[in-house]
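Undergrad: The structure follows.
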Amino acid sequence: MFKRLSLSIAALATTAMPAFANINPADHGSVLSGLLHPFAGADHVLAMVAVGLWAAQLGGKARFGVPAAFVIMMGAGFLLAVGGVHLPYVEPAILASVIGLGLLVALAVKIPAIASAVIVAAFALFHGHAHGGELGSATAMQFGVGFMLSTALLHATGVAIGMSATRFGGVVTRILGALTVLGGAAIAFG
């Protein structure tokens with residue numbers, strides 16, 4: 001049953017991306033706008049699913065702690081942007097997160113959960129700042145709640161895929177990590 005559920009979530013996540021690609025928060029300003037916003041950019045989707053994949057590889061408390069660290073710090077980055085605090089290099093840091101997280105998954109890097117949480121939290125700060133910077137006229141609280149829920153769903157999708165793929169000895173997850181790196185490179189040079 002868990003396998004079917006994780007495959008269904010993965011299928012929904014991948015089929016939903018093109019339909020939501022042109023959502024403009026200034027036009028919608030709601031929880032729904034926030035829910036849809038992370039799906040508007042491949043960089044966000046790739047990084048967020050990669051966080052879940054890596055958390056699944058790490059196992060134990062990291063399966064929940066690493067994604068939670070991302071969501072919490074993303075919220076902090078969002079609040080910084082809404083508060084008018086500038087962060088340098090937001091877009092390059094987001095791109096680095098896609099490639100870096102993809103490499104961590106592809107290489108199946110095993111480090112303590114606390115260190116993993118710190119790594120994803122650093123990347124999350126920039127993702128959250130980007131979401132806050134793209135807010136437009138949307139109500140900050142509603143929009144923020146929406147994109148944080150979507151982020152948690154994308155993390156859960158990555159964890160579910162990673163846990164389901166363990167029956168293949170981790171090869172599938174590592175391949176997905178490599179594809180994430182290639183996706184990041186395509187965004188960088190595309």
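Undergrad: If you plug each phi of region 169-177 into the Karplus form 6.51 cos²θ - 1.76 cosθ + 1.60 with θ = phi - 60°, what whole-Hz ³J(HN,Hα) values come out, in order, with x for Gly and Pro?
TA: Values per residue, Gly and Pro as x: x, x, 5, 4, 4, 5, 5, 4, x Hz.
Undergrad: Using modelled amide H (1.01 Å from N, peptide plane; none on Pro or chain starts), what sits under 5 Å from the amide H of VAL109, excluding residues fewer than 5 places away?
TA: When sequence neighbours closer than 5 places are left aside, there are no close amide H contacts.
Undergrad: While we're looking at this one, here's another question. Tally Lys/Arg at +1 and Asp/Glu at -1 over every other residue whose Cβ is under 13 Å from the Cβ of ALA188; what's the total? Working shown, then result.
TA: Details: positive: none; negative: ASP43, GLU91.
Value of the local net charge: -2.
Undergrad: In addition: May I ask you to evaluate 6.51 cos²θ - 1.76 cosθ + 1.60, the Karplus curve with θ = phi - 60°, for each residue of region 183-190 and list the ³J(HN,Hα) values in order in whole Hz, giving x for glycine and proline?
TA: Listing the rounded values in order: x, x, 5, 5, 5, 5, 10, x Hz.
Undergrad: Rounded to whole Hz and in sequence order, give me ³J(HN,Hα) for region 111-122 from the Karplus expression 6.51 cos²θ - 1.76 cosθ + 1.60, θ = phi - 60°, writing x for Gly and Pro.
TA: Computed from phi, the couplings for region 111-122 are 10, x, 4, 5, 5, 4, 5, 5, 4, 5, 5, 4 Hz.
Undergrad: Semi-axes, largest first, in whole Å: what does sqrt of 5 times each Cα gyration tensor eigenvalue give for region 54-190?
TA: They are 26, 17, 13 Å, listed largest first.
Each value in this text was obtained by applying a stated rule to the coordinates, not by laboratory testing. In this text the structure is predicted, and so the values were computed from the model without any measurement. When we count neighbours, we look across all protein chains shown, and the Cβ atoms used for this are built from the backbone with ideal geometry, even at glycine.
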